[in-house]
Amino acid sequence: MSDDELPAWKPALDAITGARHGGQIDGVLAQLESLDERHPNVAEIAYQLAWTLDSLGREAEALPHYERAISLGLPPNEQSGALIGFGSTLRNLGQTDRAAEVLESGARQFPNQPEFAPFLALVRHDQGRHTEALQLALTTLLDTTEDPGITAYQRALRHYLSQLT
């Protein structure tokens, strides 16, 4: 898609998120809210609004924007991020069962993205399922690390992992 084919909202959203990533947080929320009012059915705007509210510690306000972004449909890389953000926010608000559903769904939709597992491990810990939480965290570490100090002990760690009950 060429620049002259970009949706009308895209340059404004790129400028706002660029400023946020550059550390210029002042005014970003107001700009996103204004853009969202003008384009209420754009998943990418709703997602960025949710992300910004979440970053500002306003998790409860972020939830409906995550839900709207996900239901409107996002490109895959943003969809996975929105599911992680949504699940993590639900966890932070104490909604662990719903957080687990969202994160498990994300892990099924994006099986090659191990980042869902650590967030799900945190949920399992909060649910009192400590062994499962540790299993998820260790499995993810062992499956994804290339650190020579950890890989040197991978066989022993996998043995201990198999013995967790």
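Which value, in debye to the nearest 20, gives the size of the charge dipole of the chain about its Cα centre, when Lys and Arg are +1 and Asp and Glu are -1 at the Cβ?
Once rounded to the nearest 20, the dipole reads 680 debye.
What percent do you get for the relative contact order of region 3-111 when only Cα pairs under 8 Å and 6+ apart count?
On the way: 110 pairs, mean separation 18.7, N = 109.
Once divided by the residue count of region 3-111, the mean separation gives 17 percent.
Sort Asp36, Asp143 by Cβ crowding within 10 Å, fewest neighbours at the top.
In increasing order of surrounding Cβ atoms, one gets Asp143, Asp36.
To make sure I understand, if each residue's beta carbon is the centre and we count other beta carbons within 10 Å, what order do Val28, Val123 fall in, fewest to most? Intermediate values should be presented prior to the final figure.
On the way: Val28 19, Val123 26.
Result, fewest neighbours first: Val28, Val123.
Given only helices, namely DSSP H runs of n ≥ 4 each adding -39500 (n - 2.57), what is the per-residue ellipticity at 222 nm of the chain, to the nearest 500 deg cm²/dmol? The partial results should precede the final answer.
Working: 10 runs with 121 residues, N = 165.
Result for the chain, helices only: -23000 deg cm²/dmol.
Which one, Thr145, Thr52, Thr96, has the greatest fluctuation when you compute a Gaussian network model over the chain with C-alpha springs under 10 angstrom?
Thr145
Which ³J(HN,Hα) values in Hz, rounded to whole numbers, follow from the phi angles of region 111-122 under the Karplus curve 6.51 cos²θ - 1.76 cosθ + 1.60, where θ = phi - 60° and Gly and Pro get x?
Computed from phi, the couplings for region 111-122 are x, 9, 10, x, 5, 5, 4, x, 5, 5, 4, 5 Hz.
Which residue, Pro118, Pro76, Pro148, tops the fluctuation ranking in a GNM of the chain built on C-alpha contacts under 10 Å?
Of the options given, Pro148 has the highest mean-square fluctuation.
Could you work out which residue, out of Tyr47, Tyr66, Tyr153, moves most in a Gaussian network model of the chain, that is, has the largest mean-square fluctuation with Cα springs under 10 Å?
Tyr153
Each value in this text was obtained by applying a stated rule to the coordinates, not by laboratory testing. Bear in mind that the values here come from a model prediction, so they are computed numbers and not experimental data. Positions of Cβ are generated from backbone atoms using ideal geometry, with glycine treated the same way; all protein chains shown enter the neighbour counts.
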